[in-house]
Amino acid sequence: MKRMILSAVIGLTLAAGVAQAEPKDREALFGETHVHTKLSFDAYIFGNRNSPDDSYRYAKGEAIKHPSGFEMKLPQPLDFQAVTDHAVYLGMVPAMFDATSTAGSHPSAVALRTAKTASERRSAFGALLPYIGQQIEDDLLDMDIVRSAWVEVIDAAEQHNEPGRFTAFIGYEYTSSQDTFENLHRNVIFEGDAPDEPYSRLLSKNPENLWRWMDNLREQGMDSLAIPHNSNGSDGFMFANTTYDGAPIDKAYTAMRMRNEPLVEISQVKGTSETHPLLSPNDEFAGFEIMPYQIATWHDSRLDGSYVRQAYQRGLALQRGGAGNPYKFGLIGASDTHVGAGAFSENNYWSKIGMVDYTGTLRGAVALRWHQRLGAQIFRLSNMWHQAQVDPIANTGVPKENPAINHLQMQWSSWGASGLAGVWAEDNTREAIFAAMRRKETFATSGPRMRVRFFGGHYLKRDMLHDPNLVELAYEKGVPMGADLLSKGTAPTFLAWVTRDGRSAPLQRLQIIKGWIDASGETHERVYDIACAGGVKPNRDTNRCPDNNAAVDVSDCSITADTGANELKAYWRDPDFRKKQNAFYYVRGIENPTCRWSSWDALRGNSHPNPSLAKTIQERVWSSPIWLEH
C-alpha cells in the first residue's frame, strides 16, 4: 500500500535524525495509549459516536462532543496518542445500527437500536457478550466490516501523525481473558506500518499466540509492543506463576513475553494496579484508587497475581528458580476512555462509558432523589447478597463497605480520573517514542503532568544534584529508569527528582520503593521517603517525611496554598543493601491532597458527599524501575 511505502521512507529519514541525538537531549512527552472510539462494540452501545479522527483532534487540543452533548476539551494538548479500539467485532456494532445492512438485520441488532436508557444499554451490551466470548455459534461476525474499520483506524493515525509536533500511533486492543472473562487485555502499538487486519481473541484467547503473531510481523519489518492493562481486574491471572495454560514458566516464555511486552499500564480510569493494602500493609499510600472487581463483573478480583509490585517480586523469584524474569516491565498510564477523549482531571471528570456514567448521580457521588431510592435499594440488596456468596479468602475487603443508601453504587463508582503515559524521548516522532517504550524509559501519572527522572549507578554523587550538567552526567555515570544495573558488591546510589504540574497541587514527598529477594528465596519490599516538601529530612527510624499539614476544604475544594514543593530532588544510597540480593527500585512522587472527582461532583450537585467514596486524592507519578542484577 502507498501509505506503507511513504511511512517507511519517513521512518528511515527520521531514524537517522534520532540516532544523532544524545540521551541528555531527551525530553518528557505526555500521551495516551488506550482510547476507544465508536468502532469499539462497547463504546458505540453506550452512545459514543466519536471517530478515530475526532479522538486525534481532541488529543491535539480541539473540542469534541460527549455522547450526552457537552463539550470535552483538554487544557493542554497531548504529545502523542494511539487509538486502540477492540479488535474483536471492530466496527460491527455501528454496522448493526444500520437496519438496511446484513448486520443490521440480525435479531440482536434490534435490541441495540432501541436501547435508550442506561439500563437498556447495559442489557444490550450483555446480549452481545456471548458472541464476544465465543459462547454461542457466531452467525454475526463479518470480517469485511472489521477490515474496513481497521483501514479507518490506520488512515486516521497516518493523517494525524505530524513528526516533530504530534505523534499518532496505529494501535488496537487485544481483548483476551480466561474462560469467564478474567481480564487479560492488552493494547498493541505499532511502531510504523501495520498488517491488513488485527489479531483478536476470536483467533486465540491465549496471549502467547498474540506474541507469536507479533514475532512473525517483526520478521516482516513491522515492529509492535503489547501493553497489558487492568491487572487489578484479572483475578490473579495477569502475573501468574504459570503460563496461560497452566504450564511452568521457562526461559523461552520469559524471552517471548519480554520481547513483546516491555511495558504495563499501571493506572487508568478502572483503578490503579500498583499494589493493595493487603499486599503492602506497611505502605500508607497503598490504597490508592483501588478498583476491587473483575472487569465488567461484580466478582471480586483475587489479589495474588493482580498487582504490579507483587509481580516485580514474583519476577525475582522466577529468575532465582532459573526461568528468567518475565515481569521486568516498565510503567505507563492511560485512560481507557470509551468516548474518544480521556478525562484526566478530578475537577472535570466524565468517567468513561458515555450515557451510562456521565452524571454525578449515575456515578454515585450525588444523592438520589426520593423516587430513585427504591430502585437503588433493590440493587444494593442484590449486590450484598452476591457478596455474601463470595469466598472470603478471595474477597478484597473493599466491596464489603456498605454504600450510602441514598446514593447509587455501581462498579464505576470505584473508578477515577487517570492516567497518562510519560516517555523520555529525543524527539516527538514514532521512532523516538517507540524506542523509549522499548528501553522502558517511561513513567506513569494519575492524571497531572508531573515529570520524574531516575538514575542508578555506582559513581553517582550528591553534588551532581546541583551541577548544571546533571542529566548528561547521570547518563554518563549511571543508568536511567527501565534499565539493569550490574552490582559491584557495594550499595548502589541513585539520583531522583520530580517536577510538579503547575495546573495541579504542589508536591509533598518523593519516595523510592525497593523490592528484593533474600538468600532463602523470600521476597520483601520497603518504602523510603527520600525528599520532603519544605526542605525537612525524613525520619531516620521510620523513613518517612513529617506531615506538612497540607489540607483540603471539601466544602469548596480549596487547598492549603502555602505548603508543598515545585520540585523535589534527592541523592540516595541504599542503606539495606546486601550482596547477592537481586532487587528492583522505582520512584513514586506524591502531591499534596486535593478534592477527588466524587467531592467535585457532590459540590456541583449541591449534595452531601457519598460517605463510601473517598473525598480527597493525592495524585502521583511512578517511574519505571531500575533492576539491580548480581
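The values are calculated or read from the model by the stated rules, or taken from the named source; none is laboratory data. On a predicted model such as this, the values are computed, not experimentally measured, just so you know. Virtual Cβ from ideal backbone geometry, glycine too; neighbours counted across all protein chains shown.
For segment 514-540, a residue qualifies if it is free of Cβ contacts under 8 Å to residues at least 24 places away in the same chain and touching a His at 6+ places or on another chain (Cβ under 7 Å), but none of them does. Of the residues in segment 556-569, none is surrounded by fewer than 17 Cβ atoms within 10 Å (Cβ to Cβ), touching a residue at least 12 places away in the same chain (Cβ under 8 Å), assigned by TED's automatic domain parsing to the domain that holds Val621 and aliphatic (A, V, I, L, M).
For every residue, the table says whether it meets (1) touching a His at 6+ places or on another chain (Cβ under 6 Å); (2) of a type outside the set (S, T, N, Q); (3) touching a residue at least 60 places away in the same chain (Cβ under 8 Å).
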residue: Val151; (1), (2), (3): no, yes, no
residue: Glu162; (1), (2), (3): no, yes, no
residue: Arg165; (1), (2), (3): no, yes, yes
residue: Tyr174; (1), (2), (3): no, yes, yes
residue: Asp179; (1), (2), (3): no, yes, no
residue: Ile189; (1), (2), (3): no, yes, yes
residue: Pro207; (1), (2), (3): no, yes, no
residue: Trp211; (1), (2), (3): no, yes, no
residue: Ser234; (1), (2), (3): no, no, yes
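Gly287: free of Cβ contacts under 8 Å to residues at least 12 places away in the same chain, of a type outside the set (A, V, I, L, M, F, W, C), in contact with a Pro (Cβ under 7 Å, 6 or more places away or on another chain) and over 27 Å from Asn260 (Cα atoms), yes or no? When the stated conditions are applied, Gly287 passes them.
In this structure, is Asp215 more than 25 Å from the chain's Cα centre (by Cα) and without any contact (Cβ under 8 Å) to a residue 60 or more places away in the chain? Considered against the rule, which asks whether it is more than 25 Å from the chain's Cα centre (by Cα) and without any contact (Cβ under 8 Å) to a residue 60 or more places away in the chain, Asp215 comes out as no.
Anything in segment 247-277 that is assigned to a loop (DSSP other than H, G, I, E, B) and farther than 23 Å from Tyr293 by Cα? List them, or say none. Matches in segment 247-277: Ala247, Ile249, Asp250, Glu261, Pro262. Restrict the check to segment 427-440 and report whether at least one residue is under 14 Å from Val498 (Cα atoms) and over 20 Å from the mean Cα position of the chain (by Cα). The answer is no; no qualifying residue exists.
In segment 406-423, the residues that are touching a residue at least 60 places away in the same chain (Cβ under 8 Å) form Cβ pairs under 6 Å with partners that are in a helix (DSSP H, G or I), at six or more places apart or across chains, as follows: Ala417/Glu346; Ala417/Trp597; Val423/Ile433; Val423/Ala436. Taken over segment 481-513, the residue count meeting the criterion of being within 21 Å of the chain's Cα centre (by Cα) and more than 30 Å from Cys557 (Cα to Cα) is 4. From the list Tyr312, Tyr307, the one residue that fits, being surrounded by 19 or more Cβ atoms within 10 Å (Cβ to Cβ), at pLDDT 95 or above, out of contact with any strand residue (DSSP E or B) (no Cβ under 8 Å at 6 or more places or on another chain) and closer than 30 Å to Cys545 by Cα, is Tyr307.
Residues in segment 218-246 that are assigned to a helix (DSSP H, G or I) and either within 18 Å of the chain's Cα centre (by Cα) or aliphatic (A, V, I, L, M) (or both): Ser231, Asn232, Gly233. Quick one: which residue in Glu137, Glu120, Glu173, Glu219 is surrounded by fewer than 23 Cβ atoms within 10 Å (Cβ to Cβ), at pLDDT 95 or above and of a type in the set (Asp, Glu)? Sole residue among the options that is surrounded by fewer than 23 Cβ atoms within 10 Å (Cβ to Cβ), at pLDDT 95 or above and of a type in the set (Asp, Glu): Glu219.
When segment 310-347 is filtered for residues that are aliphatic (A, V, I, L, M), under 25 Å from Ile617 (Cα atoms) and either without any contact (Cβ under 8 Å) to a residue 12 or more places away in the chain or in a loop (DSSP other than H, G, I, E, B) (or both), the ones remaining, listed by number, are Ala334, Val339, Ala341, Ala343.
Taking the criterion of being buried (at least 16 other Cβ atoms within 10 Å of the Cβ), assigned to a loop (DSSP other than H, G, I, E, B) and not hydroxyl-bearing (Ser, Thr, Tyr), the residues of segment 604-630 that qualify are Pro609, Asn610, Leu613, Ala614, Lys615, Gln618, Glu619, Pro625.
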